[in-house]
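Trainee: This is the structure, below, for whatever I ask next.
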Amino acid sequence: MLSFKRIMAVCLMVLISNVYANLVLAKVDGPAVFWKFSFWGKRRAFTEGAETLAQRLSEETDGKFKLKIFYGAQLSKAKENLDGLKANSFEMAAFCNFYHPGKNPGLMVLTLPFLPMGDFDKDAKIRHAVYDHPIVKGQLAKWNAMLYMTSNLPQYEFLGKGKPPTSLSDFKGMRVRAGGGVGSAMEILGATRQTVPASEVYTLISRGAVDAVSFPYTYAHVSYKIHEVADWFTSNMSPGTSDCPYVINKTSYDKLPTQYQDLLAKLRPEALASVKVAYKKADDKNLPMFRSKLIEVKYDKKTLAEFRKAAGKPVWDAWVAANKDKFDAQALVDLVFETAK
């Protein structure tokens, strides 16, 4: 016969098990919601955060919150995703800030060359700090958009066709696809920059209309098959990056019940973590392939130091001066460096 203490212990274990099971099985209840997410290109490391978000929203709501991802610019061209959000054509989208600097001038701070970036977790904190700044939030609000999550693009490198630029002076006269501050840095080297959507680059370089292409290294080069038409790649230039965040249509967000808004915030770290894993997986696969097929260009420390001196602070200062009458650009530069500490 069981003692009273043993009976109580068994009851307590059953109670704990039931509570745990309910917590595990707990779902976020709410109305049926269908959201569309506008991307260009195809599924790749950059989009894995959205894929994870879509899956987890469905799981946490028993399929009531559905997020459908549209690739290949089915809903909108890459440069027009902010316009689509403003027109309430879809509920979420990605966009790259350097596609249209005039639409998101404050966010262009994240394209400046040689910022104190390069570590995934630190970069994410810097970018989200910029997203939360009133200047940036206000500018995006004009497009009925609110910034949700960074895609945390890695540092850029170049893949190119023709003679490898074994010294930085070899970029003089080259036609390069480079946006934002990276483009400004390349102009200092004497290159001619071209800002075109990623989906158009393969055709341009294969036809000889562009000599070199800067993309987040290494995943984006492979996503757009640049390695198939390139002869060489740089591996340690690290001139900077750009910012291509995930954004939400503000009207649609405001219509969500509070529990769904909370769920979006809760799932953000998980979505970001999946991007980190995807970038690492891509590098582990792509870098050996690059080295087996293409000429690797590496610059010595002295050369890189000279490049950073010429294209670092001078470009930041020029950006601040160009925007001083529009918004407090210096405050955004300071925010980047303060957050980096």
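Trainee: Over 24 Å from Lys266 (Cβ atoms), in contact with a helix residue (DSSP H, G or I) (Cβ under 7 Å, 6 or more places away or on another chain), surrounded by 11 or more Cβ atoms within 10 Å (Cβ to Cβ) and at pLDDT 55 or above - does that describe any residue in the stretch 19-34?
Mentor: Checking the stretch 19-34: not a single residue is over 24 Å from Lys266 (Cβ atoms), in contact with a helix residue (DSSP H, G or I) (Cβ under 7 Å, 6 or more places away or on another chain), surrounded by 11 or more Cβ atoms within 10 Å (Cβ to Cβ) and at pLDDT 55 or above.
Trainee: So is Asn152 more than 26 Å from Lys309 (Cα to Cα) and polar (S, T, N, Q) or not?
Mentor: no
Trainee: Can you tell me how many residues within the stretch 198-215 are crowded, with 17+ Cβ neighbours inside 10 Å and modelled with pLDDT under 90?
Mentor: 1
For every residue, the table says whether it meets (1) within 23 Å of Val320 (Cβ to Cβ); (2) assigned to a helix (DSSP H, G or I).
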{"site": "Glu48", "(1), (2)": "no, yes"}
{"site": "Gln55", "(1), (2)": "no, yes"}
{"site": "Ser76", "(1), (2)": "no, no"}
{"site": "Asp123", "(1), (2)": "yes, yes"}
{"site": "Ala129", "(1), (2)": "yes, yes"}
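Trainee: Next question. Of all residues in the stretch 289-324, count the ones that are basic (Lys, Arg) and more than 24 Å from Pro164 (Cβ to Cβ).
Mentor: 2
Trainee: Kindly list the number of the only condition in (1) touching a helix residue (DSSP H, G or I) at 6+ places or on another chain (Cβ under 9 Å); (2) at pLDDT 95 or above; (3) over 18 Å from Ile248 (Cβ atoms) that fails for Tyr99.
Mentor: Against the list (1) touching a helix residue (DSSP H, G or I) at 6+ places or on another chain (Cβ under 9 Å); (2) at pLDDT 95 or above; (3) over 18 Å from Ile248 (Cβ atoms), Tyr99 comes up short only on (2).
Trainee: Here's another thing I want to ask about it. Against the definition (outside the structural domain of Pro113 (by TED's automatic domain parsing), in a loop (DSSP other than H, G, I, E, B), at pLDDT below 95 and more than 25 Å from Lys285 (Cβ to Cβ)), how does Gly183 come out, yes or no?
Mentor: no
Trainee: Let me ask something additional. Taking Tyr260 and the conditions (1) of a type in the set (Ser, Thr, Tyr); (2) touching a Gly at 6+ places or on another chain (Cβ under 9 Å); (3) under 21 Å from Tyr156 (Cβ atoms), which numbered condition does it fall short on, given that it satisfies the others?
Mentor: With (1) of a type in the set (Ser, Thr, Tyr); (2) touching a Gly at 6+ places or on another chain (Cβ under 9 Å); (3) under 21 Å from Tyr156 (Cβ atoms) applied to Tyr260, the lone miss is (3).
Trainee: Which of (1) part of a helix (DSSP H, G or I); (2) surrounded by 22 or more Cβ atoms within 10 Å (Cβ to Cβ); (3) in contact (Cβ under 8 Å) with a residue 40 or more places away in the chain is the odd one out, the single condition Ile248 does not satisfy?
Mentor: Evaluating Ile248 over (1) part of a helix (DSSP H, G or I); (2) surrounded by 22 or more Cβ atoms within 10 Å (Cβ to Cβ); (3) in contact (Cβ under 8 Å) with a residue 40 or more places away in the chain leaves (1) as the failure.
Trainee: Thr241 versus (1) in contact (Cβ under 8 Å) with a residue 24 or more places away in the chain; (2) outside any loop (DSSP other than H, G, I, E, B): which is the lone unmet condition?
Mentor: Of everything listed in (1) in contact (Cβ under 8 Å) with a residue 24 or more places away in the chain; (2) outside any loop (DSSP other than H, G, I, E, B), Thr241 misses just condition (2).
Trainee: Out of the residues in the stretch 83-102 meeting the condition of being among the small types (Gly, Ala, Ser) and under 27 Å from Val33 (Cα atoms), tell me which one is surrounded by the fewest Cβ atoms within 10 Å (Cβ to Cβ).
Mentor: Ala87
Trainee: Count, please, the residues in the stretch 262-313 that happen to be buried (at least 16 other Cβ atoms within 10 Å of the Cβ) and not in a helix (DSSP H, G or I).
Mentor: 4
Let's see how each residue does on (1) among the aliphatic types (A, V, I, L, M); (2) assigned to a strand (DSSP E or B); (3) within 15 Å of the chain's Cα centre (by Cα):
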position: Val201; (1), (2), (3): yes, no, no
position: Val213; (1), (2), (3): yes, yes, no
position: Ala220; (1), (2), (3): yes, no, yes
position: His227; (1), (2), (3): no, no, no
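The values are calculated or read from the model by the stated rules, or taken from the named source; none is laboratory data. Because the structure is a prediction, the values reported are computed rather than measured. Glycine also receives a Cβ, built like all others from the backbone with ideal geometry; neighbour counts cover every protein chain displayed.
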